[in-house]
Ligand SMILES: Cc1cc2nc3c(=O)[nH]c(=O)nc-3n(C[C@H](O)[C@H](O)[C@H](O)COP(=O)(O)OP(=O)(O)OC[C@H]3O[C@@H](n4cnc5c(N)ncnc54)[C@H](O)[C@@H]3O)c2cc1C
């Protein structure tokens, strides 16, 4: 029999905030048959378990909860009559934009005019960070604990230590404290927190939860359930300082040690991955190295604000639609953009120079009173943006007008005094 | 967690009588149980963990050795070669994946050539078929990029998933009438008259004519329960790193360095698994605890260095997990190396069949060990073949994700539960999860599901599927949060409800 064969204009893989905004934008940009494929049983992705507020401050000038923010887009998806396939898992994508997906209704193969990758990211695990010791129960990534607590009414533990100060970890520290657990502290290996400053204030300081910087968990203890962890201070090279170890009794360890864009499907499709972001290498239309395949949201690079995800997805959806209807001009040359001093990454990694662009970037470490400067191949300034505070936890987005790009053949973006 | 085909402790009722009681449900205990289930015998397996195969049998390289490494005339040599040749047929019956991918033992320099030739001679003396010394050109054909002067190729070296195999043996034994008592730690064994009485920590009592000690790293302790003080196990840990499937295609055969004198293990190397991952390891460290399955930052660092040397495209995010296993060594640290398996029918304690020091190649040898034990048992109780013995398990070999799109579409059309993917990384379907939950031995831990359905085994280590599995167990099977164990008793995953 074989899989059912279908043809679609724009196929959006993932129904989280990126996929939703991309689909809405694709439809608004003139593609009639847009379809969202979502493996979960509802749209909204990770926002469904983010019941705290703070979403939408930029986009809607309101503090919404995760589900409320998602709902604004879900309503548009419904109003525009965009097709959605729920409980449907994409099994593979190839470089000719053929998608194989599976659901209870059957297997089907879709030939897509354009594809938007919006699969989001996954959490780094204990194995991935070489956490030594035994393998007791009670060790969770923060996002898994969030899912269990907020969506399934399951309490994961009573005495918790949080390893890593990523935003989900901070939010879960507060969540556990609110539910009566004793949160012993947040231990961050870096000399500065990885999460947003506002989360440090609202999730830790307001709840009296201590944040220990340059400190990390070095061993797990317990044969069955976690009995405790050993923590220790580290030096500048992140090596454990002997003699600083101490034992913290706890039955729960939440890991918030990084997010990894989930690009296994992208890789299979032949999409080139940029090691600095873990996401696709894209141009200023957010098209990847594979023709007609676009990427946006956390699968492209990890964001700290959903508002920026939506903004990025608007663009990916727009250009995917243009590509699908055959209105995208092929480019013959690109201007490469590279991160310079003090900058961890920039995105897109190449631009046409023919339109205004938004450059996303993160700095390498916290700094104050500096400027982000873009320079061309001759060292001439293209843009300069002064910042009072720069922090790796805060992604920056800088708009550059196309007029500024004349005569530019390559660009480097760095931090200057 | 409930739903158990295995027997529950029935305190108070009369003590069940058996012909054979086997202590330990590792690959050895289960292979013996399954072999004996061909005969009209009352058989029980008693295991302290909540599932079979939770000890060393789930914690090894999964290599079916050819038998070149062991001294001719030793039990290890004989049982390895015999076990290896029995594996193919057994795996066909049990629907277990097996791949004879062969192995290159590589000599890097001239001085190692005599070792290679000696291994070949030794292998031939042991009856290992098809051994050949290959030139670099032929080595390259088998494993692109391999470097070295020459290599000994052993075509009968294979790979298997050790816990899948162990579980399949147990299920087959159970379906052929063997009773399983899981979560029952044997604490006391007495011999009165012609019979043994076995008592567990929870108070279960079993009486048996024959008692088989297949307790792995704890086999010396079981001996001591019967007053046999001849053996001491020196636990020797091997740590591994598990690499992402992305890298699996780099290995088409196994490549080991030629062995060096004085080294007890086979040296750190890369091993491909039947599921496409690569293992880096195992290390080789004597430790105090027979079940101290910790991993250490020192060894993990070493493994990573070695891994990067052997596989230059390895990146940090390719390392998805670490684990360790414990070798049941009889050789103390100062002696090092290997001693032979002890497999004996004790004359001082008639009816006691004792297996001690079943370290590598215990997995490979298990089918042959089972036959040897059968012969010992036949001298103790009469064996009569059961006409109803059913050697096959009714199931599919491998996983949904290994099928072609056409085959997958057909399966989904037949059963919609195949269409719903629960585990993203390994693309495991709801149907496979349901089958694991409803397996004949029962499920008492999420690790039992992991070892059966391969959920939580991928790069996200359950980040995606654990919540989904919890939902299935709660909504479709009525589990409560308190019922979830990670693997052993006391390993509660959750502490209750957030709100009642
Ligand atoms: C690092 C490593 C790598 C290896 N690699 C290979 C390989 O590649 N190929 C190969 O052929 N072999 C290999 N081996 C060897 C192989 O894994 C073992 O020989 C085999 O698994 C031993 O099986 P077992 O059943 O004897 O032990 P186990 O699997 O340990 O089973 C013993 C069982 O007895 C139970 N038990 C103990 N005491 C009691 C009690 N009092 N009451 C009830 N239950 C009890 C335990 O819980 C356990 O489940 C390796 C071993 C190690 C450690």
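Rounded to the nearest 10 degrees, the angle from helix A:306-324 to the longest Cα principal axis of chain A is 30 degrees. Pairs of alpha carbons in the range A:64-163 separated by more than 18 Å make up 69% of all such pairs. Axis of helix A:66-79 versus longest Cα principal axis of chain A: the two differ by about 20°, to the nearest ten degrees.
Within the range A:208-318, the proportion of Cα pairs with more than 24 Å between them is 50 percent.
Mean projected area of the convex hull spanned by the Cα atoms of the range B:54-187, taken over all viewing directions: 10.6 nm².
Per-residue packing, averaged as other Cβ atoms within 10 Å, sorts the ranges B:329-340, A:157-168 into the order A:157-168, B:329-340, beginning with the highest. Angle of helix A:17-28 to the longest C-alpha principal axis of chain A, folded into 0 to 90 degrees and rounded to 10: 20°. Where q = 0.12, 0.15, 0.19, 0.20 Å⁻¹, what log10 of I(q)/I(0) comes from the Debye formula for the range B:285-415, counting one point per Cα? Per q value, in the given order, log10 I(q)/I(0) is -0.90, -1.04, -1.15, -1.19. Taking the helices alone, the protein assembly as shown has a mean residue ellipticity at 222 nm of -7500 deg cm²/dmol, built from -39,500 (n - 2.57) per DSSP H run of at least 4 residues and averaged over all its residues. Based on C-alpha pairs under 8 angstrom that are at least 6 apart in sequence, the range A:334-417 has a relative contact order of 40 percent.
The orientation-averaged projection of the convex hull spanning the C-alpha atoms of the range A:136-202 amounts to 4.6 square nanometres.
Taking a label point 7 Å from the Cα of residue A:57 along the Cα→Cβ vector, which residues of the range A:184-208 have an amide N closer than 13 Å to it? Within reach of a label on residue A:57, which here means backbone N under 13 Å from a point 7 Å along Cα→Cβ, the range A:184-208 contributes A:196-203. Each residue, residue B:340 and residue B:42, gets one label point 7 Å from its Cα in the Cβ direction; the gap between the two is 3.7 nm. Only Cα pairs within less than 10 Å get springs; with that Gaussian network setup on chain A, which residue of A:67, A:17, A:249 has the largest fluctuation? Looking only at A:67, A:17, A:249, the biggest GNM fluctuation is shown by A:249. Going from the residue with the fewest nearby Cβ atoms within 10 Å to the one with the most, B:476, A:376, A:332 rank A:332, B:476, A:376. In a fully extended conformation the segment linking residue A:213 and residue A:241 would gain 8.7 nm over its present Cα-Cα distance, using 0.36 nm per residue.
Calculated over the protein assembly as shown, the projected area of the Cα convex hull averaged across directions stands at 40.6 nm². Could you work out how far the C-alpha centroid of the range B:395-438 sits from that of the range A:330-375, in angstrom? First find each Cα centre; the distance between them is then 44 Å.
Take peptide B:315-322, look around each residue's Cβ out to 10 angstrom, count Cβ atoms belonging to other protein chains, and average those counts. Write out the running numbers ahead of the final one.
Details: counts 1, 4, 6, 1, 5, 3, 6, 7.
Mean shielding count: 4.
Computed from the C-beta positions of residue A:32 and residue B:476, the FRET efficiency with R₀ = 25 Å rounds to 0.05. For the segment A:86-99, counting C-beta atoms of other chains within 10 Å of every residue's C-beta and taking the mean gives 2.
I need the peptides A:346-356, B:27-37 ranked by packing, meaning the mean over residues of other C-beta atoms within 10 angstrom, with the highest value on top. Spell out each step's value before the answer.
Numbers: A:346-356: 19.3, B:27-37: 29.0.
Output ranking for A:346-356, B:27-37: B:27-37, A:346-356.
Sorted from fewest to most neighbouring beta carbons within 10 Å, what does the list B:274, B:446, B:52 look like? Before the final figure, lay out the partial values.
On the way: B:274 19, B:446 24, B:52 32.
Placing the least packed residue first, the sequence is B:274, B:446, B:52.
Fully extending the segment from residue A:182 to residue A:333 would add 48.6 nm, taking 0.36 nm per residue of separation and subtracting the current Cα-Cα distance.
Dividing the convex hull volume of the alpha-carbon atoms in the range B:72-140 by its residue count gives 106 Å³ per residue. Considering chain A as a Gaussian network with a 10 Å cut-off on Cα pairs, which listed residue, A:279, A:185, A:127, attains the greatest mean-square fluctuation? The residue with the greatest mean-square fluctuation here is A:127. Computed with the Debye formula from one identical point scatterer per Cα of chain A, without solvent, the log10 of I(q)/I(0) at q = 0.06, 0.11, 0.13, 0.14 Å⁻¹ comes to -0.26, -0.87, -1.16, -1.29.
The alpha-carbon positions of the range B:402-483 define a convex hull whose volume is 94 Å³ per residue. Shown for B:65, A:391: other C-beta atoms within 10 Å of each C-beta, ranked fewest to most, produce the order A:391, B:65.
Short to long, the 10 Å bins of the Cα pair-distance histogram for chain B hold 4, 19, 30, 27, 16, 5, 0, 0 percent of all pairs. Of A:148, A:259, A:300, the residue with the greatest mean-square motion in the GNM of chain A, using alpha carbon springs below 10 Å, is A:148. With a 10 Å cut-off around each Cβ of A:274-285, the average count of Cβ atoms from other chains is 0. With coordinates expressed along the principal axes, the C-alpha atoms belonging to the range A:125-257 extend over 40, 36, 24 Å, beginning with the largest.
Shown here are the Rg and Dmax of the Cα trace of the range A:334-417, at 11.9, 33 Å.
Reducing the range A:210-233 and the range A:28-73 to their Cα centroids gives an inter-centroid distance of 36 Å.
We did not get these values from a lab; they are worked out from the coordinates using the rules stated. Computed from a prediction, not measured in an experiment: that's the story for all the values here. Glycine also receives a Cβ, built like all others from the backbone with ideal geometry; neighbour counts cover every protein chain displayed.
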